[in-house]
Amino acid sequence: MGGNAFLAETFEAHRGHLRAVAYRMLGSLSEADDAVQEAWLRFSRSDTSEVTNLGGWLTSVVGRVCLDMLRTRTARREEPLGAHVPDPVLSGAGGVDPEDQALLADSVGLALLVVLEALAPAERLAFVLHDLFGVPFDEIAPIVGRTPAAARQLASRARRRVRGAAPVPDPD
């Protein structure tokens with residue numbers, strides 16, 4: 001099997017998981033697909049011969065891409081016209097295809113995605129990767145550019161906000 005065919009097959013094996021991570025982070029299927037595509041571009045250009053866990057490596061890449069996209073939203077001060085509700089996952093008229101079924105099985109409810117919109121990008125990434133995907137804080141820390149203890153604190157703060165214990169601070 002050629003090098004490009006092997007890369008494509010390896011990436012396709014992880015695509016559903018990567019799309020689910022990106023969707024949970026961004027709340028938009030089109031943006032999730034953009035993030036996964038960007039991860040493919042980085043994967044196809046990188047030397048991954050020394051990577052022992054390609055799934056973990058790809059999840060980290062998608063997490064960083066999503067973090068960059070969320071930071072870009074904040075830097076541009078993008079404001080939605082109305083209340084932003086994440087894209088629902090719908091099935092077609094002919095039934096549910098396996099990819100959509102896997103995404104639906106992995107996806108969280110729209111209510112949680114609306115709550116996630118209130119979190120800072122680093123908090124959201126730490127919360128999603130740790131609480132929803134079980135990624136250890138030692139692996140999350142380099143992605144968010146913090147220490148493992150700071151990553152743990154980000155996830156803890158996000159959990160409190162998701163439970164409604166702490167209001168979102170008003171930046172003004």
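Just to verify a result, which residue in the stretch 38-59, among those that are hydroxyl-bearing (Ser, Thr, Tyr) and in contact with a Leu (Cβ under 9 Å, 6 or more places away or on another chain), is most open to solvent (accessible area, probe 1.4 Å)? Reasoning before the result, please.
Quick first cut of the stretch 38-59, residues hydroxyl-bearing (Ser, Thr, Tyr) only: 44, 46, 48-49, 52, 59.
From what's left, in contact with a Leu (Cβ under 9 Å, 6 or more places away or on another chain): 44, 48, 59.
Details: Ser44: 49, Thr48: 23, Thr59: 15 Å².
The qualifying residue most open to solvent (accessible area, probe 1.4 Å) is Ser44.
I need a count of the residues in the stretch 128-140 that are modelled with pLDDT of 90 or more and surrounded by 15 or more Cβ atoms within 10 Å (Cβ to Cβ).
Result for the stretch 128-140: 1.
Just the residues that are outside any helix (DSSP H, G or I) and farther than 19 Å from Val65 by Cα, please, taken from the stretch 137-159.
Once the filter is applied, which keeps residues that are outside any helix (DSSP H, G or I) and farther than 19 Å from Val65 by Cα, the stretch 137-159 yields only Thr147.
Across the stretch 12-37, which residue is least open to solvent (accessible area, probe 1.4 Å) among those that are assigned to a helix (DSSP H, G or I), over 13 Å from Leu67 (Cα atoms) and of a type in the set (Gly, Ala, Ser)?
So the residue we want is Ala20.
The values are calculated or read from the model by the stated rules, or taken from the named source; none is laboratory data. Remember, it's a predicted structure, so these values are computed and weren't measured experimentally. Every residue, glycine among them, receives a Cβ derived from its backbone with ideal geometry; neighbour counts consider all protein chains shown. Areas reflect the complete protein model, heavy atoms only, side chains present, ligands, DNA and RNA absent. Shrake-Rupley method; radii C 1.70, N 1.55, O 1.52, S 1.80 Å.
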